[in-house]
Every structure is written in C-alpha cells, then in structure tokens.
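Worksheet for the structure shown next.
The values are calculated or read from the model by the stated rules, or taken from the named source; none is laboratory data. Note that the coordinates shown come from a computational prediction; the quantities given were computed from them, not determined experimentally. Glycine also receives a Cβ, built like all others from the backbone with ideal geometry; neighbour counts cover every protein chain displayed.
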Amino acid sequence: LAPDQWQSVRNGPLYAQLFQRLTEAMTQGLLPPGSTLPPEREIAQLTALSRVTVRRAVQMLVRDGLIVQKQGAGSFVAAAPVRLEQSMSRLTSFTEDMARRGLTTTTRWLGRGVHDPSPDEVIALGLRQEDRVARLARLRLADDRPLAIEQATLPLALLPDPGQVTTSLYAVLAEDGHRPVRALQKISAVNLGAEDATLLQVATGAAGLRIERISYLEDGGVAEFTRSVYRGDAYNFVAELRLSQ
Ligand code: 16G
C-alpha cells in the first residue's frame with residue numbers, strides 16, 4: 001500500500017485515490033476474498049494519510065459491498081460477486097437478460113440524441129453521408145451493480161425520437177416492428193481507462209471486455225451498431241459448439 005507503489009492513481013481527492021488503490025489490491029489478489037483488511041490506523045501509517053481519509057475510503061468500499069464489517073471482528077474483503085453466465089448464441093437485450101435472472105435493470109444516461117454519424121458508423125450501418133443517426137450512451141446496472149457502458153447507434157429512420165427509450169431499446173424497437181433478429185458480435189480484451197473504470201466502479205487498468213454488436217432486421221437491414229465495455233470480472237460468456245459436418 002506504500003504510496004510509491006500507486007501506479008495508476010494520481011488524480012482526484014486522496015480518499016478516492018486510496019479507494020482505487022485498495023480495489024486494485026483486491027483485483028490483483030493482494031487482498032483476496034475473505035482476507036482481513038488492516039485496521040484503519042495501520043493503513044494510515046502505511047500510506048501516510050490521515051485517519052479521516054482512510055475512513056472515507058473504507059466507507060466507499062463498504063458502500064460498494066467490497067468490504068464487509070463485522071462488529072468486534074474487523075473488516076473483511078467480500079467474496080467475489082458471482083459472474084453472470086451470458087449466452088453467446090441467443091439474441092437478447094440487456095433488460096431481458098437481467099429480468100430472466102430476477103435482477104432489476106437501471107440506466108444512467110450518458111447521452112441520448114440525434115447526431116451526424118462518424119465514419120465508422122456510416123460503414124457499420126451502411127448509411128449515406130447525409131443520413132443522421134440516433135445515439136444512446138448508457139451505463140447499465142443490475143440491482144445497482146454497474147456492469148456495462150454501452151453506446152448504441154441506430155439509423156434515425158428506426159428511432160426518430162431517441163427520447164422514447166427510457167429503459168429498453170429492444171422493447172421500443174419491437175413495438176414498432178423493428179426487433180433485431182440476427183446479430184454479429186465481436187469481443188476483445190481491454191484495460192479500462194480512468195473514465196470507464198470510474199463509471200464501472202473498478203480500478204483504472206482493470207480488465208474489461210469490449211463488445212461490438214451489429215444487429216439486423218428480418219428484412220436484412222441494419223438495426224444497430226453498439227459498442228460496449230463490460231466489466232471483465234462480472235461475466236462468463238458461454239457458447240455451445242458443435243462438430244461441423
Ligand atoms: C445488449 C446488447 C446491445 C443492445 C442492448 C439492448 C450486448 C453486448 N449488447 O446489451 O447491443 O443494444 O442489449 O438492451 O449484448 P435494452 O433493450 O435493455 O436497451
């Protein structure tokens with residue numbers, strides 16, 4: 001915990017930096033699930049920070065369920081939250097996936113509006129340069145646990161009023177007879193930058209999964225181009241494989 005070993009956290013208030021450093025220690029296995037968190041006074045000595053600062057950082061860990069405090073016994077690193085098993089062979093929406101597990105989806109809007117498409121959106125959606133697009137950027141949470149940051153782009157013809165989407169994009173598309181029926185999805189590994197890590201409540205540099213989905217309508221037209229970053233510690237993606245004949 002010595003300050004000279006704080007590689008990735010140099011910005012923001014000291015308690016937030018300590019919070020990040022402690023979550024990092026957990027993801028790096030320095031503080032494994034079930035282990036005891038050193039007492040506040042010890043952390044204060046190790047880090048040369050005040051007790052008040054240490055207490056605030058510990059309170060943030062408790063709030064996020066990363067630390068469990070037991071009366072008289074101290075503070076413990078919580079067991080790692082269970083990973084969600086996510087099928088790679090069914091075309092479902094985030095809201096449907098969570099409802100199936102009995103979890104409630106909430107959304108923190110990061111942006112929602114009509115824009116000129118970027119060159120990669122023009123290509124992915126097969127647009128003409130003069131076409132406009134609807135863009136939805138959201139932090140997606142299940143039972144208040146942040147799981148993914150998603151930016152969906154759709155041809156404006158499919159979603160003329162992006163403000164219509166309050167919870168589920170696919171539900172709005174289905175109402176208008178535009179439910180996607182097929183999709184191509186690409187997954188790659190990333191280390192989360194500071195901004196994404198903060199939204200997903202993990203340490204900067206933690207593992208994430210970048211997922212790109214292009215989904216198609218029954219008539220073959222493109223429905224959406226969505227770029228997402230998922231928490232790397234929250235998912236197992238599962239696909240059924242068959243021997244090809
Ligand atoms: C999933 C899709 C995303 C789609 C969203 C719709 C992945 C990687 N992404 O999160 O492309 O836009 O569902 O969810 O699976 P909604 O209907 O709950 O808004």
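The residue pairs whose first member lies in segment 122-148 and is on the phi > 0 side of the Ramachandran plot, whose second member is part of a strand (DSSP E or B), and whose beta carbons are closer than 6 Å, counting only pairs six or more residues apart or on different chains, are Gly126/Val222.
Check segment 218-225 and report whether any residue there is aromatic (Phe, Trp, Tyr) and under 18 Å from Ser118 (Cα atoms). Checked against the condition, which is being aromatic (Phe, Trp, Tyr) and under 18 Å from Ser118 (Cα atoms), segment 218-225 yields at least one hit. Scanning segment 11-51 for residues that are exposed (fewer than 13 other Cβ atoms within 10 Å of the Cβ) and of a type in the set (D, E, K, R) yields a count of 3. Only strands (runs of 3 or more DSSP E) whose full extent lies in segment 161-237 are considered here, and the ones with at least 2 residues that are at pLDDT 95 or above and away from the ligand (no atom under 14 Å from the Cβ) are 182-191. Of the helices (runs of 4 or more DSSP H) contained entirely in segment 43-135, those carrying at least 3 residues that are within 16 Å of the ligand (Cβ to nearest atom) fall at 94-100, 119-125. Of the residues Arg101, Arg55, Arg21, the single one that is basic (Lys, Arg) and out of contact with any helix residue (DSSP H, G or I) (no Cβ under 9 Å at 6 or more places or on another chain) is Arg101.
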